[in-house]
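The values are calculated or read from the model by the stated rules, or taken from the named source; none is laboratory data. A quick note: this is a predicted structure, and the numbers were derived from the prediction, not measured. No Cβ is skipped: glycine too gets one built from the backbone with ideal geometry, and neighbour counts run over all protein chains shown. Surface areas here come from the heavy atoms of the whole protein model, side chains and all, with no ligands, DNA or RNA. Shrake-Rupley method; radii C 1.70, N 1.55, O 1.52, S 1.80 Å.
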Amino acid sequence: MNYQRMIKTENTDSKYQDWREYRSQLTGYIQSCLQENCLKGSWVAIWGAGGCNDIEISELAKEYKLLLIDQDTEKLYQVRERLGLDFCNCKVADVGFWGIYDDDYEMLEALLLDGANYEELEGFFVELIKNMPEAFDLKKYSVDCSVVVGLASQLNARFAALLHIYKEKISHIDMEKLLQIISRMNQQATERLYISIRQITKRLVITGYETKGCYTQEEAWLEQEKISKLFEAGLDGGSYLSGAEGDYITVAGNEFWHSLIYKTIITDKLEDIGRCKLLCWPFSEEKIYPMLMVSLLVNE
């Protein structure tokens, strides 16, 4: 499998029907948080929107104006046209917070095919980060709410996938050392994502992230139950992050995102509104992900 064939397998359009129950639950969660904290007609950003197969964009568009954010803006234009949304009330953007594109993945693939040594691969990643441009000017964007679901785990997933696909070509290299590089990149990527979100978001951040890849529904339910018990119960009846949830997050990238989110809560940069919840995302026939949902008010 080469890179171009690999990215074709990422297309989730065929999952639209399979995800209908999850999509309904996720959209309902988002709507309830918006209704409680944002005025109708407010701008809502959907980060990593892609084909919009996990959120009912058309339902949100009935009461809010939308900014769809993704690197693949052409796909976003197609989604907007397919749903018949007004371009004045549904804008499309690539804000460039993590500037890695097809050419970068194809360069890594070429190095792997050539059986590059560790120093060459390390140098590739170092230069990639060193030469990454700053995020696009975000001053022209301003939204009341940002919705960030299932994104932190995707930011460097293709690099990890390529290392796995071509592992026989680099069997002379300690894979753990390469994965440590990817891990450091995950931390940098989530930090840049957070900074970009804070630059444009005035009121509310709704985020969801996978805790663990489960292979059966029963395993996913047990995981949900285990993590839910870690939430702190508020006097208002709400469920709040305790921080202990991080011990059970095994999906790469999300451990950094969770840590960052919890840090912003305890330093009063964001306020947990007590809407912590676990949803079940039936990603594929092989994988089910418990999704930890957290909603936070922006403190000025």
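Based on what the data block shows, is D54 touching a Phe, Trp or Tyr at 6+ places or on another chain (Cβ under 9 Å), among the acidic types (D, E) and within 30 Å of L112 (Cα to Cα)? Criteria not met by D54. A search for C-beta distances below 8 Å between a residue of segment 137-153 that is over 17 Å from S42 (Cα atoms) and any residue that is open to solvent by 40 Å² or more (accessible area, probe 1.4 Å) and part of a loop (DSSP other than H, G, I, E, B), counting only pairs 6+ apart in sequence or on different chains, returns S153/A252.
For segment 259-300, a residue qualifies if it is at pLDDT 95 or above, small (G, A, S) and out of contact with any Ser or Thr (no Cβ under 8 Å at 6 or more places or on another chain), and exactly one does: S259. In segment 211-225, is there at least one residue being of a type outside the set (S, T, N, Q) and under 18 Å from I46 (Cβ atoms)? Checking segment 211-225: not a single residue is of a type outside the set (S, T, N, Q) and under 18 Å from I46 (Cβ atoms). When R192, R203, R198, R184 are screened for being open to solvent by less than 60 Å² (accessible area, probe 1.4 Å) and of a type in the set (K, R), only R192 passes. Given the criteria open to solvent by 50 Å² or more (accessible area, probe 1.4 Å), touching a Gly at 6+ places or on another chain (Cβ under 9 Å) and among the basic types (K, R), does K40 qualify? Criteria not met by K40. Looking only at segment 1-19, filter to residues that are assigned to a helix (DSSP H, G or I) and not aliphatic (A, V, I, L, M); which one of those is least open to solvent (accessible area, probe 1.4 Å)? Applying the filter and picking the extreme gives Y3.
Residue count for segment 93-110 under the criterion of being farther than 16 Å from M185 by Cβ and open to solvent by 40 Å² or more (accessible area, probe 1.4 Å): the result is 4.
If you check L34, L85, L67 for being assigned to a helix (DSSP H, G or I) and open to solvent by less than 60 Å² (accessible area, probe 1.4 Å), only one passes: L34.
The set of residues in segment 37-58 that are closer than 21 Å to S295 by Cα and not in a loop (DSSP other than H, G, I, E, B) comprises N37, W43, V44, A45, I46, W47, I57.
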